[in-house]
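Chemist: Quick one: the structure is below, and I'll ask about it shortly.
The values are calculated or read from the model by the stated rules, or taken from the named source; none is laboratory data. All figures in this text were calculated on a predicted structure; none of them were measured in a lab. Cβ placement follows ideal geometry from the backbone for every residue including glycine, while neighbour counts extend to all protein chains displayed. Side chains included, ligands, DNA and RNA excluded: accessible areas come from the protein's heavy atoms. Shrake-Rupley method; radii C 1.70, N 1.55, O 1.52, S 1.80 Å.
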Amino acid sequence: MKCNNLISELKRRHVFKSTIAYLAISWIIIQIASIILPTFDVPDYSLKILIYILALGLIFWIVFSWYYDLTIKGIQKTDDIETSKESMELANRRLNKVIAGSLTVGVLLLLVISFWVGSNWNDQPASSEIKKVAVIPFVTSTADEEEAYFQTGMTQELMDELSEVDQLKVISQRSTKVLTSGFDQTSSLILNVIKGIDYFVEGSFEKEADGIQVHIILKESINEGPVWQKSYSKDLSEIRTLWTDVAADLASQMGLVVKPANSKFGSGRQPVDPEAYALYLKGKHYLNKSTPADWQRGLVLLQEARDRNPADANTWAWLSEAYINLGHGGADPDVFLKALEAANRAIELDSTVALGWAALSHYHTYFGKDWAMAEYAFNRANALDPNLADNHYHRAWYLVLFGRMNEAIAEHKMAQELDPFTPSQTVWLGDLYRMVGMYEEALTEIEKASLIAREQGNLQYVLGMRLKAHIFIDQGKVEAGLELLKQCTKIVPSVSVTYGWTLIETGFIEEGKAILNELEQAPPGVYFSSFDMRDLFIGIYYAHLGDYDKSFEYWSIENKAAFFPWLRTYFVPDEIRQDPRFIQLMRDMNLPDPAPLVYNPV
């Protein structure tokens, strides 16, 4: 009975209709604010504050509408208002008009917004021009080396988000590190790369207990002032959403249109467990270093991240890459099966994570030998994220395996473009040119890579020397080539492995045999990371000596090293490829019979 009386009284005092009117007007205010606030670069949290204020105002409005009402004379106390049937109907009509008017304005506003957004998405064509962007590693006030993982991790997270904008080529972080403050502005190599970059993104951040403050700057020239900048703040659990917001704003400032109908941009960004996320970033950080010890540490950290958050596809994808790295270094064969399991799990959890497909392609290329699946996974990874420089690199050598040299060179050039200051991306492109007899192009790329390596204090310049020596030998400059290889062995003794069989190939049989004997007597770890790598390369020596029986004896091992398949197009003289045992070896690895390289000069 009391409840019925309360409802009747609420109706009499027009509390229900007043509340509906308030909600309708509030909705209009929020819609207008959501358009206007971003235009003036108002912080993201401003809209939330407005919603909180309106929510608190609703409580005040309900109390207010109990005591006051809207009349022809204005707002009056409800108890003082004439309660005749005619006056009540008049008050009702006024509130109805307010509600109807608010809803009409709301619907019109919604139509205008939909038309405006639709015009931008559908009527304005997306630019077909590809723009190139370099995200300079972020800076922070913390100089603690233990926090370096977070600095590189935050930079990479933004790069990953930008990579999902179809019209952007994103330079690898390995290369953008060269562009930090203090880089050599007299280097023609660096300046030539900088000239081809359309935008530079710089950033700084402050990490707090449960959140992060980020400031982003967009430049059109690395040495000029910003054309745009903005600050962001979010809880650490929303870190991936933060970078999606940043990438969307940057894309907009670059004049790029992201079409929701055909873009994966910003999809599936879920809150993260900050502790699991920190383990994930640390694992990636150590995996990107250059020693097996660092890779092992990275693997352990990624395993811990997986255990804390087994539903994160990115963690599984990186875990697969960690197993593959260790497999290349001669780890136990069970790491290969773990790599496959992790890659499949990443794809199962989220088939739009490009690195999951990339890891699957790398597994099958080097271990699984399901070549059709490798090709499919390479293409899928490149379609999802065309900015994975290493994926282009590995696919290039996959194509070499099948003699598809035009495609291989094009793919390797893509890896070089995305990662211009990593020597291996350039020096091995030079080797592809060497394989097809384009020696001038090969020497150009090798000299470029050697210059990069020397400027970075990187011993990969020795690899450039070795490949240059092989070009000299191919050109008939045997003495100069062998002298260059000899110099390489003094800097990096493991170059003796290829120096020895090159001596045999060029007629210096006894000198080559002496190195072969040394290799056969050496314990594991001196020249080779594993027994299967040892057997592969010693078998190559005997192939150059013409002792094919000995070659196939060494190559008969069950667990073949990752590089065994490249015997089909690399390492050995053409004569051995005609041997039925060699043909069977290829078939055992699911490869087609040996065939010449296919290259059509453009």
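Chemist: Which of LYS48/LYS282; LYS369/LYS550; LYS169/LYS207; LYS284/LYS369; LYS468/LYS560; LYS289/LYS448 have a Cα-Cα distance over 31 Å?
Modeler: Over 31 Å Cα-Cα: LYS48/LYS282.
Chemist: Follow-up. May I ask you to order 350-361, 427-438 by the average number of other C-beta atoms within 10 Å around their residues, highest value first?
Modeler: 350-361, 427-438
Chemist: If the chain between HIS215 and ALA383 were fully stretched, how many nm would it gain, using 0.36 nm times the residue separation less the Cα-Cα distance?
Modeler: Taking HIS215 through ALA383 to full extension adds about 57.4 nm, to one decimal.
Chemist: With each label point set 7 Å from Cα along the Cα-Cβ vector, what nm distance links ASN192 and THR180?
Modeler: In this crude label model, ASN192 to THR180 measures out at 2.6 nm.
Chemist: Could you order the peptides 408-414, 246-252 from most to least packed, using the average number of other C-beta atoms within 10 Å per residue?
Modeler: Ranked from most to least packed, the peptides come out as 408-414, 246-252.
Chemist: On to the next question. With r defined as the distance between the Cβ atoms of ASP332 and THR444 and R0 fixed at 51 Å, what FRET efficiency is calculated, to the nearest 0.05?
Modeler: It comes to 0.80.
Chemist: What accessible surface, in Å², does a 1.4 Å probe find on PHE421, ignoring ligands, DNA and RNA and rounding to the nearest 10?
Modeler: So the heavy atoms of PHE421 present about 10 Å² to solvent.
Chemist: Using only the C-alpha atoms of region 342-390, find the volume of their convex hull and express it per residue in Å³.
Modeler: 60
Chemist: What is the diffusion coefficient of region 469-520 in µm²/s, taking the Kirkwood radius over Cα pairs and the Stokes-Einstein relation at 20 °C with a viscosity of 1.002 mPa s?
Modeler: The Stokes-Einstein estimate is 198 µm²/s.
Chemist: At 0.36 nm per residue, and after removing the present C-alpha to C-alpha distance, how many nm does the segment from GLU558 to VAL602 gain when stretched out fully?
Modeler: Gain on extension, GLU558 to VAL602, equals 11.7 nm.
Chemist: So what's the gap between the Cα centers of region 275-309 and region 212-228, to the nearest angstrom?
Modeler: Centre-to-centre distance over Cα atoms comes out at 30 Å.
Chemist: Rounded to the nearest whole Å², what accessible area per residue is found for region 318-463 with the 1.4 Å probe?
Modeler: 35
Chemist: At R0 = 60 Å, how high is the FRET efficiency between LYS490 and SER237 if r is their beta carbon distance? Nearest 0.05 is fine.
Modeler: 0.65
Chemist: At 0.36 nm per residue, and after removing the present C-alpha to C-alpha distance, how many nm does the segment from GLN31 to GLN578 gain when stretched out fully?
Modeler: Extra length from GLN31 to GLN578 when fully extended: 189.5 nm.
Chemist: Just to make sure I understand: if all protein chains stay in place, what is the order of ARG454, ARG308, ARG534 by accessible area at 1.4 Å, largest first?
Modeler: Heavy-atom accessible area, descending, gives ARG454, ARG308, ARG534.
Chemist: Right, another one. In square nanometres and to one decimal, what's the mean projected area of the convex hull around the Cα atoms of region 325-467?
Modeler: 8.8
Chemist: Over region 534-579, calculate the relative contact order: mean separation of alpha carbon pairs under 8 Å at least 6 apart, over the residue count, as a percent.
Modeler: 41
Chemist: What percentage of the solvent-accessible surface of region 318-428, computed with a 1.4 Å probe over protein heavy atoms, is contributed by carbon and sulfur atoms?
Modeler: Answer for region 318-428: carbon and sulfur cover 54 percent of the accessible area.
Chemist: While we're on this one: At GLU407 and GLU147, where each label point lies 7 Å from the Cα along Cα→Cβ, what is the point-to-point distance in nanometres?
Modeler: 4.8
Chemist: Going by average Cβ density within 10 Å per residue, which order do the peptides 391-397, 319-325, 381-387 take, highest to lowest?
Modeler: 319-325, 391-397, 381-387
Chemist: Follow-up question, since we're still on this one. Give me the distance in nm between label points sitting 7 Å out from Cα along the Cα-to-Cβ direction at SER204 and VAL526, one decimal.
Modeler: 5.5
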